[in-house]
């Protein structure tokens, strides 16, 4: 990606990733998890890590001023995950319509670079179409 | 136009994360994904590469 990204860490399985967002609100741990669905499809979940509850929260509005760098990091993590698991496909959706729209815009903005590595499809009203 | 693939960054292993391996850290999102995928069968993939 053209956008700089944060360094990230992972587990033995390589299905869970962590990185630190540094910005106006301080240091905030983000986590990205790939969970198996059916077949070779994995769901991508990401958000702020809530250590107290032991879960990822993607409804929180962090306002750390580094959204593009955070999303560039998620894209880089996805690139790594798919490069390590070449038979796998990744599914993602936003937690709200606005976030789904945001992710769609980011994919469109980086489409040439993403498509150099991956096939990209979007689902609307139950039908898939290529990006 | 020739496509150029940029190098992929490799992460470090963080042993303190391992206790969360295999734990669904976002069950609501996982359930939502399962619901969507049940209604929308996954498209046939092009075998040339991975997909997203």
Tally time: how many residues in segment A:101-119 are within 15 Å of the chain's Cα centre (by Cα), in a helix (DSSP H, G or I) and within 10 Å of another protein chain (Cβ to nearest Cβ)?
2
Selection within segment A:16-40 - facing chain B (nearest Cβ under 10 Å), at negative phi and surrounded by fewer than 19 Cβ atoms within 10 Å (Cβ to Cβ):
A:36, A:38, A:40
When restricted to A:98, A:72, A:122, the only residue closer than 24 Å to residue B:34 by Cβ, assigned to a helix (DSSP H, G or I) and more than 9 Å from chain B (Cβ to nearest Cβ) is A:98
I need a count of the residues in segment A:56-69 that are modelled with pLDDT of 90 or more and part of a strand (DSSP E or B).
1
Look through segment B:37-48, keep the residues that are at the interface with chain A (Cβ under 7 Å from one of its Cβ atoms) and either at pLDDT 90 or above or exposed (fewer than 15 other Cβ atoms within 10 Å of the Cβ) (or both), and return whichever of them is nearest to residue A:100 (Cα to Cα).
B:39
When residues of segment B:22-32 are filtered for being modelled with pLDDT of 90 or more, in a helix (DSSP H, G or I) and touching a strand residue (DSSP E or B) at 6+ places or on another chain (Cβ under 6 Å), how many remain?
1
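The values are calculated or read from the model by the stated rules, or taken from the named source; none is laboratory data. Given the structure is predicted, the values throughout are model-derived calculations rather than measurements. Every residue, glycine among them, receives a Cβ derived from its backbone with ideal geometry; neighbour counts consider all protein chains shown.
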